[in-house]
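Each value in this text was obtained by applying a stated rule to the coordinates, not by laboratory testing. What you are looking at is a predicted structure, and each value in this text was computed from that prediction instead of being measured. Reconstructed Cβ throughout: ideal geometry from the backbone, glycine too, with neighbour counts over all protein chains shown.
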Amino acid sequence: MIKAIVGANWGDEGKGKITDMLAQESDIVIRFQGGSNAGHTIINNYGRFAMHLLPSGVFSQHTVNIIGNGVALNIPYFIKELNSLTEQGVPKPNIMVSDRAQILMPYHVALDTYEEERLAGKSFGSTRSGIAPFYSDKYAKIGFQVSELFGDMDELKEKCERICTLKNVMLVHLYHKDPLNADEIFNTLMEYKEMIAPYVADTGLYLHQAIKEGKKILLEGQLGTLKDPDHGIYPMVTSSSPLAAYGAIGAGIPPYEINEITTVAKAYSSAVGAGAFVSEIFGDEADELRRRGGDKGEFGATTGRPRRVGWFDAVASRYGCRIQGSTEVALTVLDVLGYLDEIPICVGYEIDGEVVKDFPVTYKLEKAKPVLKTLPGWKCDIRGIKKYEDLPAECRNYIETIEAELGVPVTMVSNGPGRDEIIMRK
Ligand code: GDP
């Protein structure tokens with residue numbers, strides 16, 4: 001049985017918490033795309049962790065955690081994150097890295113940074129983790145696959161030379177920086193080889209066997225639908241697909257084996273980086289939601305940047321669920337809204353005087369104004385409640401209104417950041 005846990009929106013919906021929780025009953029957790037560019041916060045019996053690259057099953061000792069072939073593998077970051085877990089008292093997790101994953105190089109980070117600086121006010125709001133240059137190189141066939149570290153060294157040296165020739169044109173002439181040196185790149189790769197060797201495996205083959213044995217497998221997505229390069233708010237998107245469908249490619253499994261798609265949606269909206277955000281709020285109203293949001297306010301886990309916040313966007317979330325192919329929804333961070341007398345949700349977009357219900361392409365999205373519907377607040381703290389029937393009527397009304405808008409059953413309601421703060425509805 002394979003279940004994908006993915007985001008409906010711009011990311012930061014609380015996928016890490018849901019994955020950590022479900023990992024307790026799973027055999028394998030796989031990261032299938034992205035890299036260390038987006039973070040998630042996990043709070044469990046070991047403490048509070050800001051995780052970026054490792055799968056969220058690392059806290060569960062019986063779970064095998066896999067970095068799939070679709071991931072942007074920053075090797076020093078991988079080792080650092082692994083060490084930080086054991087330093088905080090978490091037993092050494094069981095981890096495998098796909099031999100087909102590609103390596104994020106220091107020059108990817110440098111190029112990402114230089115390009116954001118060059119674009120200045122028109123930048124993409126990149127986390128400068130090297131993700132866009134990494135995936136560009138992968139598809140331009142000048143990336144390094146982990147397996148190449150264990151292949152022919154002469155070929156690898158020759159490839160380092162080739163890459164320098166290409167990259168140095170941009171580095172020297174566009175960014176006015178020092179050129180790369182092929183020997184240095186090769187030496188870095190040799191250091192990486194030593195660091196990663198104990199974890200490398202043919203994870204596709206391992207998963208093939210695990211599926212045959214009926215193992216419980218989770219695919220853990222990063223970011224959300226609206227950051228997908230094809231279906232998101234292009235060009236303000238990420239560089240790999242955060243869709244459940246991509247889980248098949250980024251993990252190396254058959255698409256028909258993914259039979260459950262749990263889409264995580266937050267009870268209000270938040271986004272990092274630039275791009276249209278129709279239900280965004282500003283000023284004091286936004287500051288208050290930002291301060292109260294998440295487990296410690298809505299500030300980026302990677303950059304510490306304040307996140308943009310807004311009301312629940314039913315148009316974007318319904319689209320987010322549709323593109324993911326959601327079979328169920330986990331609605332998170334609902335407890336945060338307990339301070340509001342009334343809670344608006346965005347149920348339509350007004351574009352050029354017309355109200356639309358379907359999420360449009362970017363140029364139309366930029367003109368969209370939110371059509372809001374206001375629901376009564378419940379004005380109390382819902383943390384600690386374990387049964388759906390025990391939630392205040394206004395709170396159930398809020399959940400059921402969202403459920404009707406999404407057209408997908410809300411089977412889990414998260415009413416606190418902790419692992420056990422969850423209300424199951426099925
Ligand atoms: P992810 O990238 O989708 O895993 O999401 P993040 O971890 O970046 O953002 C979610 C934030 O909300 C984190 O700070 C979580 O600790 C927090 N969180 C998750 N679920 C809940 C919840 O039900 N209530 C509250 N108050 N915080 C939550």
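Values computed for the structure shown
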quantity: All lysines inside 25 Å of Lys167 as judged from Cα atoms, apart from same-chain residues fewer than 8 positions distant; calculated: Lys122, Lys138, Lys141, Lys157, Lys159, Lys177, Lys193
quantity: Stretch gain in nm, segment Asp341-Lys369, where the contour uses 0.36 nm per residue and the Cα spacing is subtracted; calculated: 7.8 nm
quantity: HN-Hα J in Hz across segment 93-109 - Karplus 6.51, -1.76, 1.60, θ = phi - 60°, x for Gly and Pro; calculated: x, 8, 10, 10, 10, 4, 5, 9, 5, 9, 9, 7, 9, x, 6, 5, 5
quantity: Sequence-separation-based contact order of segment 38-107, relative, with Cα cut under 8 Å and 6+ spacing, percent; calculated: 34 percent
quantity: Segment 189-260: GluC sites (Glu not before Pro) falling in loop per DSSP and having at most 14 other Cβ within 10 Å; calculated: Glu213
quantity: ³J(HN,Hα), Karplus 6.51/-1.76/1.60, whole Hz, each residue of segment 369-386, x for Gly, Pro; calculated: 10, x, 9, 9, 10, 9, 10, x, x, 10, 6, 7, 8, 9, 5, x, 6, 10
quantity: Backbone HN-Hα couplings from phi across segment 224-229 [Karplus 6.51/-1.76/1.60, Hz, Gly and Pro as x]; calculated: x, 3, 6, 9, 6, x
quantity: Mean ellipticity per residue at 222 nm, deg cm²/dmol - from DSSP H runs of n ≥ 4 across the chain, formula -39500 (n - 2.57); calculated: -9500 deg cm²/dmol
quantity: Net charge, Gly247 excluded, C-beta distance under 13 Å - Lys, Arg +1, Asp, Glu -1; calculated: -1
quantity: Whole-angstrom gap from segment 86-135 to segment 1-57, using each part's C-alpha centre; calculated: 17 Å
quantity: Equivalent ellipsoid semi-axes, the chain, via Cα gyration tensor eigenvalues times 5, rooted, Å; calculated: 37, 26, 19
quantity: Rounded if a/c under 1.5, otherwise prolate or oblate - segment 114-223, Cα gyration tensor axes; calculated: oblate
quantity: Inter-centroid distance (Cα atoms) of segment 394-416 relative to segment 291-360, Å; calculated: 13 Å
quantity: Ratio Rg/Rh, restricted to segment 1-122 and using Cα atoms, in which Rh is the Kirkwood radius; calculated: 0.99
quantity: Nearest-ten-degree value, helix 203-212 long axis tilted from longest Cα axis of the chain; calculated: 50 degrees
quantity: Peptide ranges 70-80, 388-398 listed from the most packed, as the mean C-beta count within 10 angstrom indicates; calculated: 70-80, 388-398
quantity: Other-chain or far-sequence residues with amide H under 5 Å of Ile422's (modelled H); calculated: Asn415
quantity: Computed over the chain: relative contact order in percent, which uses C-alpha pairs under 8 Å that are six or more apart; calculated: 20 percent
